[in-house]
6 protein chains.
Amino acid sequence: MALDVDLPIILVIEDDDEIQGLIEDTLSDGGFEPAIAASGEEAVTLLKGRTTNYRALVTDIGLRGKMNGWEVAQQAREIDPEFPVVYMSGAHAADWASKGVPNSIMLEKPFAPAQLVTALATLLNTGTPTT
Amino acid sequence: MALDVDLPIILVIEDDDEIQGLIEDTLSDGGFEPAIAASGEEAVTLLKGRTTNYRALVTDIGLRGKMNGWEVAQQAREIDPEFPVVYMSGAHAADWASKGVPNSIMLEKPFAPAQLVTALATLLNTGTPTT
Amino acid sequence: MALDVDLPIILVIEDDDEIQGLIEDTLSDGGFEPAIAASGEEAVTLLKGRTTNYRALVTDIGLRGKMNGWEVAQQAREIDPEFPVVYMSGAHAADWASKGVPNSIMLEKPFAPAQLVTALATLLNTGTPTT
Amino acid sequence: MALDVDLPIILVIEDDDEIQGLIEDTLSDGGFEPAIAASGEEAVTLLKGRTTNYRALVTDIGLRGKMNGWEVAQQAREIDPEFPVVYMSGAHAADWASKGVPNSIMLEKPFAPAQLVTALATLLNTGTPTT
Amino acid sequence: MALDVDLPIILVIEDDDEIQGLIEDTLSDGGFEPAIAASGEEAVTLLKGRTTNYRALVTDIGLRGKMNGWEVAQQAREIDPEFPVVYMSGAHAADWASKGVPNSIMLEKPFAPAQLVTALATLLNTGTPTT
Amino acid sequence: MALDVDLPIILVIEDDDEIQGLIEDTLSDGGFEPAIAASGEEAVTLLKGRTTNYRALVTDIGLRGKMNGWEVAQQAREIDPEFPVVYMSGAHAADWASKGVPNSIMLEKPFAPAQLVTALATLLNTGTPTT
């Protein structure tokens, strides 16, 4: 189901089970491999671990734990300044202009699954390749 | 089938029944909710009504009634200067440079359904969120 | 399955049979019509022939024959300076910055099929219409 | 004072004498050659005449005569779909979203002369060269 | 020296006297009107005051007082989500990817005065006009 | 005349003495420090030498020696995939679409000095849109 065996792995932080399932299906249909983290803290640990080659972050803003999505993205960018970031929110969308990182995408709920796929594809297709 | 209950509603003006069905299927597959208007006049009435939260306009150029797609888009932009606009045409595509509104997308027929979905997603993903 | 009878025809150069099948399915699902060339030389012949209205080029870098993907794209651009170009590669991706043509997209393997569709749609949706 | 003898000629429509002088100085300092038209009608006649190779249009919105800046730009684009267009206005700036042409720049008064030079340079530097 | 009497006022935070003078001259030459704040705290007070119509913020990162440039920009964006922001730094430039706001420009020292003028002009020329 | 002592150094390849003087003046006025190479071969040697921190390349296409501007830019990008590149040409401008490198700017002669300064500033400023 992939072009060259491995699927690009996308780290997703979404604590609502129903939406989580929806996102997993959406990403799989697009040919991505979703990896779900339960909280911002867990996501940062996974990113720092560097065992898995995550290609992008998709995160809600209001999360379990102390860390919110804005903070997770900032930490991701401290590890890799070019890491693709997609935020999702309803209530917090207006804060993107002051709390978001440069070159990120904010998806305002409600959004269509196609918007999430296009957002990821656009960010992954941009930028100078490194391999 | 949506992320957060409601689907983003897209106002579509296409008077050819066959193409209309195709566009409805394409948008639904992408997770949008198409709302079809039969003419430019009807579309403008719906936009001015402000009862429904239309998120974007997809319009053919040659339409029933007196209004053409260029004019509908202009009226939509008078109501909301940032309203996403996607035009579709075969014969009139070359007029986009003089009759289209800024930051709109012109799909030249024949185009792939994926182009319509990507166009909408791109326009909806761009810009500073307001909620 | 198209909007206005004909599907946009995409010229694809991929000599690995398995990946070729994957790309054909991906493009068809998006509503494009893939046309496969076996080598760079064959692709250039097809482009110069001008019998078919190819709308874009999707090419691997390492190809059968003497021509590589960089060279095919350059020839395509000599015929049409605005021809949309999407490259695919794992090993050669880093050469895009010195060997790619302007306004092209480089997909680093592994990439999700959605990335290929979005890349094509984005390039085809951009630019001044010519009809 | 140019690179290769001729200066790029910019067609300017501004009927206020004081601002006209300011724009002429600004453009000359940047190395452009301003050509002033007194009205929209005169500008369109000059563009259609095709004797002079105008490289871009800079226009106010409220003009002498019947034609306003929006209409002049539309006519310029009917002649050349890629013609660079810069509008200037105070009162009419908000209409750009519904009356402007795609890929144009709207300078809201008050603006700095540097903004006009950067706007022209940006539009002229973009796009596929034709010589 | 302006087009329409008032010059666009740019709020600048730079505590090094020598560089401050250089920036004032650069902005004035471009036709802007620089307004210097001595610290981040002062700048935020001025922005909240809403007496002066500041059109953009230009800020160093390391500032007098407790607030750094990253924080000033965030506060500016809380007041106006579309406020143009230009950062300047040598030592802190690499933090822009995690601490900068979306759609901002980071000027790495050493930079040419022309880069500052172009950065401001580009940000001011982009976006939907509001008057 | 710089912001932080050193001026950004721009490597320029232009063998016409008159134009060379013009470019040197233009770049100096903008606050850059031009460094002139007499041929493509000399430029590549300087870039490979890595003694001087060149920030960008400005090159004519037809050059003394065997190397043309297209080839110099390719070699510059092999050394640094993100190296800013500005080409200048009259006769060869149309070849940019097939021979230019991605994310480069082609200045068609005749162009205004302001266009060269804006082109360099845009490429050097991080986060500046390129369309």
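Key figures
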quantity	calculated
Scope the range D:60-70; condition over 17 Å from D:GLY90 (Cα atoms) and either in contact with a Leu (Cβ under 7 Å, 6 or more places away or on another chain) or buried (at least 18 other Cβ atoms within 10 Å of the Cβ) (or both); matching residues	D:MET67
Sole exception among (1) away from chain F (no Cβ under 13 Å); (2) touching a residue at least 24 places away in the same chain (Cβ under 8 Å); (3) among the β-branched types (Val, Ile, Thr) for E:VAL101, by number	(1)
Residues of the range B:14-50 that turn out to be in contact with a strand residue (DSSP E or B) (Cβ under 7 Å, 6 or more places away or on another chain) and within 20 Å of B:ALA112 (Cβ to Cβ), as a count	10
Count of residues meeting criterion [under 14 Å from the mean Cα position of the chain (by Cα) and of a type in the set (Gly, Ala, Ser)] in the range B:96-110	2
Unmet criterion (only one of (1) out of contact with any Pro (no Cβ under 6 Å at 6 or more places or on another chain); (2) facing another protein chain (nearest Cβ under 10 Å); (3) of a type in the set (D, E, K, R)) for E:ARG55	(1)
Candidate set: the range A:83-98, residues that are in contact with a helix residue (DSSP H, G or I) (Cβ under 7 Å, 6 or more places away or on another chain) and facing another protein chain (nearest Cβ under 7 Å); chosen: the one farthest from E:HIS92 (Cα to Cα)	A:ALA97
Residue check, D:ALA119 within 9 Å of chain E (Cβ to nearest Cβ), more than 11 Å from the chain's Cα centre (by Cα) and either within 26 Å of D:GLU18 (Cα to Cα) or surrounded by 17 or more Cβ atoms within 10 Å (Cβ to Cβ) (or both)	no
Search result, residues across the range D:71-97 that are buried (at least 19 other Cβ atoms within 10 Å of the Cβ) and of a type in the set (A, V, I, L, M, F, W, C)	D:VAL72, D:ALA73, D:ALA76, D:PHE83, D:VAL85, D:VAL86, D:MET88, D:ALA93, D:TRP96, D:ALA97
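Every number here is computed from the coordinates shown, using simple stated rules; none is lab data. What you see is a predicted model, and the numbers here were worked out from it, not measured in a lab. For neighbour counting, all protein chains shown are included, and Cβ atoms are generated from backbone atoms with ideal geometry for every residue, glycine included.
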